[in-house]
Amino acid sequence: MTSPVHLPATEMLALLRSRQMSAAELTEAHLRRIEQVNGRVNAIVTLSADRAMDEARELDRDLARGVWRGPLHGLPIAFKDLTDTAGIRTTYGSRLFADHVPREDALVVRRARAAGAVTLGKTNTPEFGTGSHTVNEVFGATRNPYDLARSAGGSSGGAAAALASGMTALADGSDMGGSLRNPASFCNVVGLRPTPGRVPDFSRTAAWFTLGVPGPMARTVADAALLLSVIAGFAPSSPFAIREDGSAFAGPLEPGVEGMRVAWSPDLGGLPVDPRTAEVTARAPAVLSGLGAKVEQVELNLTDAEDAFRTYRGWQYAATYGELPGDLLGPNVRWNVEQGRKVTAADLARAEKLRSRLFQKMSRFFDTYDLLIAPVSQVPPFPVEDPYVTEIAGTPMPDYLAWMRSAYWISVLHAPAASVPCGFTPEGWPVGVQMIARPFEDLTVLRAAHAFEQATRHGDTRPPLG
């Protein structure tokens, strides 16, 4: 048969379960694909090939005995280089941890492995996940598989590029200011930022911090839901972990959007948007309307999110990375730490008031609408050698964060949000549309994204890598 590496993970599972393909054969196919294209894309930065083959062969022996390990049995997965993997180098994209090998797996790794996933290795990330462009001083830049001269986004850019390139069946990621959604948009895959607490995290320095969340990435919405069904669920390591398990995400993503009340915001209240991105995302409302949704363009004012996000983010960076040697940190991390050291008690009080006011405002908004759709990113993929976007549609960006507002304003809402492929610019660069629902309505987001995906099939267009 032809190589299975671009199949949806759900179809790979069917091949494995029916024994038309072994886990070892599927893992070998992915390792061949990594050898073929990773040198050009630089998405997988630490490869555990021998360990992956050992795990796959063990899973095949299990299946021969009639033991199906779990929902991910035999599926190759690559973990973000921020995610601890016992016995596999995890650098966090930092020179300080270039040779670091964790002793324990992170929760998402433990859950994926227990469900039968095969660990291929680690995907690239900027230093400590800082920024929506995947480049660091340890491994260099990850390139967009649709145009190797362009950024793959970030901070889960390695994961998105690996998925798009057929190097892994599934991938994890994390998202504070758009790090699951932005690279998904840039690389024509699916990234879901779950409701905070849906996928519990562990932190020794900022356990109550809700802006940063782990989540799934995949080539299809059903595959993302599959991974979410495994990594979601209560864990006492998080003080705001949601009590529900992940079983709700394991079933069919039906019904779709018929009768759903959808709000369309082309610029989230006046943000500058590149005309090419605007043209692609403007097609989304008609698709959803054609599927039976009631779509209405709305005017939003989310500007309270700006101060709240920057204040909380700075505080978290100072708390988490402030004691590391500054001369060994990259400029983006240093800048965030410096901003955090300026945060006062009055600043935090103001940020809490702003976020509370915005939460209540959006709670009333979601009394009227089931779903909000908007651009994921304000720009299409930008040149890989640029450190960040400095101008959007004639509007200068004051710093490296500002171009990500369409994603990080949504992070402040405590809401689930997904990026789903929406089409391509005339240059062939991918653009995603962002789908957002009320907090805890992750399934609503997935169902809408699935319906949109099935109607448009933009995700079926694979990169021209050969």
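Summary of values
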quantity	calculated
Stokes-Einstein D (µm²/s) once Rh is taken as the Kirkwood radius of segment 105-187 over alpha-carbon pairs, at 37 °C in 0.692 mPa s	257 µm²/s
Value of [θ]222 nm, deg cm²/dmol, for the chain, DSSP H segments ≥ 4, -39500 (n - 2.57) each, nearest 500	-11000 deg cm²/dmol
Placed amide H near Val384: partners under 5 Å, 5+ positions off or other chain	Arg150, Ser151
Candidate residues Glu254, Glu385, Glu28: accessible-area rank, largest first, probe 1.4 Å	Glu385, Glu254, Glu28
Within the accessible area of the chain (1.4 Å probe), percent carbon and sulfur	51 percent
Whole-Å distance, taken between Cα centres, linking segment 409-452 and segment 339-359	27 Å
For the chain: relative contact order, % (alpha-carbon pairs under 8 angstrom, 6 or more apart)	16 percent
Alpha-carbon centroids, segment 292-322 and segment 248-267: separation in whole Å	22 Å
Accessible area (Å², 1.4 Å probe, nearest 10) - Leu348	50 Å²
Three-way shape call for segment 307-460 based on the alpha-carbon gyration tensor, with the a/c threshold at 1.5	oblate
Under 15 Å, Cβ to Cβ, from Gly394 - net charge with Lys/Arg +1 and Asp/Glu -1	-2
Quarter of the Cα convex hull surface for the chain, i.e. its orientation-mean projected area (nm²)	20.0 nm²
Hydrodynamic radius (Kirkwood) for segment 47-192, which is based on Cα pairs only, to one decimal in Å	15.3 Å
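The values are calculated or read from the model by the stated rules, or taken from the named source; none is laboratory data. All figures in this text were calculated on a predicted structure; none of them were measured in a lab. Note: ideal-geometry Cβ built from the backbone for every residue, glycine included; neighbour counts use all protein chains shown. Calculation scope for accessible area: heavy atoms of the full protein, side chains included, ligands and nucleic acids excluded. Shrake-Rupley method; radii C 1.70, N 1.55, O 1.52, S 1.80 Å.
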